[in-house]
Amino acid sequence: MADVLMKEQTKLSPEVLNELRSQVRGSVYLPGEDGYDSARTIWNAMIDRRPAVIVRAAGASDVIAGVRFAKKHDLPLAIRGGGHNIAGNAVCDGGIMLDMSGMRSVRIDPVAKTARVEPGATLGDFDREAQAFGLATPLGINSTTGVAGLSLGGGFGWLSRKHGLTIDNILSVDIVTADGSLRHASERENPDLYWAVRGGGGNFGVVTSFQFRLHPVGPEILMGLIVHPFSRAKEILEGYRKVAPKSPPELTTWVVLRKAPPLPFLAPEVHGKEVVILALSYIGDLEEGRKAVAPIQALGKPHAEVIGPSPFAGWQTAFDPLLTPGSRNYWKSHDFVELSDGSIKTVLEYVQRLPTPECEVFLAQMGGAINKVPAQATAYPHRDVEYVMNVHTRWGEPSKDAECISWAKELFEALAPFATGGVYVNFMPEDETQRVRKGAYGANYERLAQVKEKYDPTNLFRMNQNIKPAGA
Ligand SMILES: Cc1cc2nc3c(=O)[nH]c(=O)nc-3n(C[C@H](O)[C@H](O)[C@H](O)COP(=O)(O)OP(=O)(O)OC[C@H]3O[C@@H](n4cnc5c(N)ncnc54)[C@H](O)[C@@H]3O)c2cc1C
């Protein structure tokens, strides 16, 4: 232990650390101090990294101090928002970690229908504040995810087919770039930076404030689950691929293939058996919603169905119990423009041998407003994708690492012939750096590299799915 502590602190003398402490309004944590371990612990328990120093920022001035400190002492720099990134880039070994979780303010302007959100806010923080005014913007499906990481990579959830990706609703950001200056980026100011941060991840600086557009949503929406037996999975998926593309943008239906959790509305004998779960929500008039949902309900006789009106804010937390922090996780993800016979056959074959009861394959329905935005309008290029498939491998014991990771990789390889080759950057694990250029950014990569060269020529911000400066 003493060796580890020594290694973490080799570069940082007490004088240097005092200099940092004197500049920071928030907290500074060193290894062994209270607050250090909780700040470096993130959602994915596979990640166990030990920064030399952690700064829990209280405001933009702390971020400026942290960025300048990293630059001056040539330290790796990691940025933590909600700590949910599967690759674990929120934490570095050695170096400095900027922990934004102390900056969680969300201020809603109900007249202008906009929100000012600090980068430590979670999706739950944002939804609660916005729903107090019957408003919302598209975010993800797990309320403990960070607004910052989700938004900077793209961001999609139940509202996206109607209102676009999270990035399509970013009006501006305040961002500390590698030279330590705070800039504003919007359509009018620093438009190149504004383009790049909408999908380019944490490559361009530390965002200290987001401004979002809001939409009237709920407060009640039609939502629910339909659970089918796995024995009819092929039929359900073949029916789903026919009806889903005809759904109005208000309706979004995701498919989850997994062993049934002990949901109270499922008969006990179904618990633990493979099932096909259709999770859906309709954002709009409840009666119109009932009509729109009917073709999904008609796909077959399920084990159980619970569909009805419910508060939107509650729906946004519905999957939290299945996605708690502290488990070991490994993900693989593919984009699809259609669900071919081959992709259905392959997925069903692998779901019959899930390595643990927590593993699942989910299929998120995209399209609608997401695909109305041109591929070059933001850094996120995948505007023709109809389904994102994520292989969620999840387990508790390190002894299961090899088995679980192999299962995910094999399924991923077997599905590759049916996929576009593209990938959503926020679903990439740490060992996929080779997919950043072509897979995550494709035709937008060169332009991103130019913006990176302009704002971060020495690649200070490299703890991410890294875009290399054009001149590198
Ligand atoms: C359980 C779960 C459910 C999910 N569901 C969805 C979903 O429904 N839809 C969806 O789109 N995604 C979803 N995701 C993926 C999610 O978008 C990414 O994991 C995202 O990176 C999480 O952001 P974070 O702030 O929590 O993560 P962190 O790990 O804290 O940050 C991720 C990265 O973002 C960058 N970053 C964070 N804060 C800043 C900042 N202030 N300035 C600059 N860069 C910053 C850094 O590079 C950092 O490494 C889910 C993830 C999990 C674990």
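The values are calculated or read from the model by the stated rules, or taken from the named source; none is laboratory data. Remember, predicted model here, so these are calculated numbers, not experimental data. Every residue, glycine among them, receives a Cβ derived from its backbone with ideal geometry; neighbour counts consider all protein chains shown.
So here's what we get for this one:
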{"read-out": "Qualifying position, being outside any loop (DSSP other than H, G, I, E, B), at pLDDT 95 or above, over 30 Å from G300 (Cα atoms) and within 12 Å of the ligand (Cβ to nearest atom), among G149, G120, G155, G199", "value": "G149"}
{"read-out": "Residue list for the range 277-308, restricted to those being in a helix (DSSP H, G or I), of a type outside the set (A, V, I, L, M) and closer than 14 Å to G239 by Cα", "value": "P295, Q297"}
{"read-out": "Single residue of M97, M103 found to be surrounded by 22 or more Cβ atoms within 10 Å (Cβ to Cβ), closer than 19 Å to G155 by Cβ and more than 8 Å from the ligand (Cβ to nearest atom)", "value": "M103"}
{"read-out": "Residue that is nearest to F319 (Cα to Cα) [pool: residues in the range 101-139 that are touching a Gly at 6+ places or on another chain (Cβ under 9 Å) and free of Cβ contacts under 8 Å to residues at least 24 places away in the same chain]", "value": "R104"}
{"read-out": "The range 158-177, subset hydroxyl-bearing (S, T, Y) and in contact with a helix residue (DSSP H, G or I) (Cβ under 6 Å, 6 or more places away or on another chain), residue farthest from the ligand (Cβ to nearest atom)", "value": "T177"}
{"read-out": "Breaking point among (1) within 15 Å of the ligand (Cβ to nearest atom); (2) not in a loop (DSSP other than H, G, I, E, B), for E453", "value": "(1)"}
{"read-out": "Set T433, T458, T420: member being of a type in the set (S, T, Y) and either touching a Ser or Thr at 6+ places or on another chain (Cβ under 8 Å) or more than 23 Å from T378 (Cβ to Cβ) (or both)", "value": "T458"}
{"read-out": "Criterion: in contact with a Pro (Cβ under 7 Å, 6 or more places away or on another chain), modelled with pLDDT of 95 or more and of a type in the set (D, E) - qualifying residue of E187, E220", "value": "E220"}
{"read-out": "Near pairs, Cβ below 9 angstrom, 6+ apart or cross-chain, from the range 71-100 (closer than 14 Å to Q465 by Cα and at pLDDT below 95) to any residue that is among the hydroxyl-bearing types (S, T, Y) and more than 7 Å from the ligand (Cβ to nearest atom)", "value": "none"}
{"read-out": "From the options K291, K332, residue that is buried (at least 20 other Cβ atoms within 10 Å of the Cβ), basic (K, R) and modelled with pLDDT of 95 or more", "value": "K332"}
